[in-house]
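Worksheet for the structure shown next.
The values are calculated or read from the model by the stated rules, or taken from the named source; none is laboratory data. Because the structure is predicted, anything quoted here is derived from the model rather than measured. Glycine gets a Cβ as well: all are built from the backbone with ideal geometry, and neighbour counts include every protein chain shown.
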Amino acid sequence: MTAQRQRTGNRLGMGSKQRPVMGKLPARRFPIQSEIQKLENELNAFNERITELEDEGHQSHAMDVLKANALDFARRIDELRCVLVESASKDETAR
């Protein structure tokens, strides 16, 4: 019987299933949050697939491509979050 590895979330942060729900914001008013959510969902899907393949013992170029894509999604999410923080800080200083 094979032992499963301990998983640490989606590797780059908490999965959306684990996050507390604060109430959905309308996408048309908050397009950046909507895009972040979409990218997080795609990142979670990549990470689930990577975990499945690793559990099956796959070690191929395709795994490296999946991991690179997951890192790209995480980078894009971080960039969008930075935009939110920067715009929020500009709003605070404008008041």
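Are any residues in the range 58-86 touching a residue at least 12 places away in the same chain (Cβ under 8 Å) and of a type outside the set (A, V, I, L, M, F, W, C), and if so, which ones?
Once the filter is applied, which keeps residues that are touching a residue at least 12 places away in the same chain (Cβ under 8 Å) and of a type outside the set (A, V, I, L, M, F, W, C), the range 58-86 yields Lys67, Asn69, Arg76, Arg81.
For the range 87-94, state whether one or more residues are surrounded by fewer than 10 Cβ atoms within 10 Å (Cβ to Cβ), farther than 19 Å from Ile36 by Cα, without any contact (Cβ under 8 Å) to a residue 60 or more places away in the chain and of a type in the set (A, V, I, L, M, F, W, C).
Yes, the range 87-94 contains a residue that is surrounded by fewer than 10 Cβ atoms within 10 Å (Cβ to Cβ), farther than 19 Å from Ile36 by Cα, without any contact (Cβ under 8 Å) to a residue 60 or more places away in the chain and of a type in the set (A, V, I, L, M, F, W, C).
When the residues of the range 70-87 are narrowed to those that are more than 11 Å from the chain's Cα centre (by Cα) and not acidic (Asp, Glu), which ends up modelled with the lowest pLDDT?
Result: Ser87.
Tell me, please, whether a residue that is at pLDDT below 90, farther than 28 Å from Ala88 by Cβ, over 8 Å from the mean Cα position of the chain (by Cα) and surrounded by 12 or more Cβ atoms within 10 Å (Cβ to Cβ) can be found in the range 50-58.
Taking every residue of the range 50-58 in turn, at least one turns out to be at pLDDT below 90, farther than 28 Å from Ala88 by Cβ, over 8 Å from the mean Cα position of the chain (by Cα) and surrounded by 12 or more Cβ atoms within 10 Å (Cβ to Cβ).
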